[in-house]
1. Rounded to the nearest 500 deg cm²/dmol, what is the calculated helix-only ellipticity per residue at 222 nm for the chain, with -39500 (n - 2.57) per DSSP H run of length n ≥ 4?
2. Can you list the HN-Hα couplings for the range 257-269, worked out from phi with the Karplus curve (6.51, -1.76, 1.60; θ = phi - 60°), rounded to whole Hz and with x for Gly and Pro?
3. Build a GNM of the chain with springs between Cα atoms under 10 Å: which of 178, 112, 102 gets the top mean-square fluctuation?
4. For the pair residue 78/residue 48, report the inter-label distance in nm, with labels modelled 7 Å from Cα in the Cβ direction.
5. Roughly how many nanometres apart are two label points built 7 Å out from the Cα toward the Cβ at residue 228 and residue 250?
6. Based on DSSP, what percent of beta bridges with both residues in the chain are antiparallel, to the nearest 5?
7. Considering only 293, 111, 145, give the residue with the highest GNM mean-square fluctuation for the chain, with springs between Cα atoms whenever their separation is below 10 Å.
8. Which pairs, out of 66/171; 104/171; 323/350; 142/323, put more than 30 Å between their alpha-carbon atoms?
Amino acid sequence: MSSSQLMSDPALETLLLPLETGAIDLEPAARVLFLRARAGRALTAFNDHALVCVQSFAPDRDALEKSRVNIVAETPEENFDAVFVLPGRQRQEARAQLASAVIKAREGGVVVACAPNTEGAKTLEKDLIDLLGSVQKLTKNKCRVVWETIRPGAVDTALLEEWRRLDAPRKVLDGAYVSRPGVFAWDRIDPASKILGDLLPDTLKGKGADLGAGFGYLARTVLEKAPKVSGMDLYEAEKRALDLAQENLAGFKGKRSMHGIWCDVTRGIEGPYDFIISNPPFHQAGKADRADVGQGFIRAAAAGLRPGGEFYMVANRHLPYEKTLAEVFASVTQLADEGGYKVIRATKRKGGQRDAPR
Ligand SMILES: C[S@@+](CC[C@H](N)C(=O)[O-])C[C@H]1O[C@@H](n2cnc3c(N)ncnc32)[C@H](O)[C@@H]1O
């Protein structure tokens, strides 16, 4: 696999440390499962093994594809000699992922998990002890890696069963939506999205897109309030969120056109759209604030709109989006500044002029 030009990833490097030090010794042909896999130089540690990576977040999936590893969106059926996992930050989702890792390891196989110290490393260690009775551990790069062999009789099977279901989809918000732990603001309406949703005009019409659709709140708000909207395309990087969004908009099927697109929006979108809405992400798993992702959303929106089309977005007031908006849109208006959020409407220049760059 190619490992050049990959950024350093402390959690990934620490996860694979026990392989490097020899603390875990896998047979050359060992079958290895990597849940929430990420690409990085450290992946070369798996070069001799039969590796299957699971990743439902499109940017990480894309990076893994470039590394030419075997990648799938859903956990495969069979059991593995070793299961590695980089659990998410949300507690219920992390426990479900840990339980899934234990379930996917064969008896005598090993489960290995790692988290940054600031993202629940201590809890992760305790959780694996609760499941498997004991753990071994190493700390480095401000991260902790914990691992244990699956020994018959040592696994707390009742706890395993309880945790396995912790991130299952369920009704939220008085039954109005289906959601699950781990997706953005999973059991509430995000205040920024609420402000944008309330401000979106009921005169919107034609074909729209929601960039970073989450579990579908904004797209559904548009379809509920604007009868002249003929359809919405839902763009979302996290497959688990996109599946929920499609379920939450199922009531409009057959009445309005609808497509779910599992992709990294910063790589560009389809179109042309009459209007686009977005509450862009401002950080990504395990990384600090990422204004560049929101800026990528703005560029993608400008490129995906028809001439004269409108982009409505909401963002934390401090995020530096104005320069990018001014670069790619003909006019930019701030519609609201409340609760620490700004709502912006940006209009693409009319026909006959150069398209905005992607
Ligand atoms: C701030 S949330 C908004 C979610 C939803 N629209 C709402 O209002 O509740 C941003 C969403 O963008 C998704 N996302 C993050 N990075 C992305 C990317 N590069 N491409 C597409 N979607 C992305 C996240 O998974 C998340 O669901």
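FYI, it's all coordinate maths here, none of it is from the lab. Predicted model only: the values in this text are computed from it and were never measured. Don't worry about glycine lacking a Cβ; one is built from the backbone with ideal geometry, like all the others, and counts go over all protein chains shown.
1. On the way: 11 runs with 103 residues, N = 358.
Taken over the chain, the calculation gives -8000 deg cm²/dmol.
2. Once rounded to whole Hz, the list reads 7, 8, 9, x, 10, 8, 7, 8, 4, 5, 8, x, 10.
3. Taking springs between Cα atoms under 10 Å, the residue moving most is 178.
4. 2.0 nm
5. 3.2 nm
6. On the way: 31 of 70 bridges.
Antiparallel bridges make up about 45 percent of those DSSP assigns within the chain.
7. 293
8. On the way: 66/171 37 Å; 104/171 28 Å; 323/350 20 Å; 142/323 35 Å.
In this structure, 66/171; 142/323 exceed 30 Å between Cα atoms.
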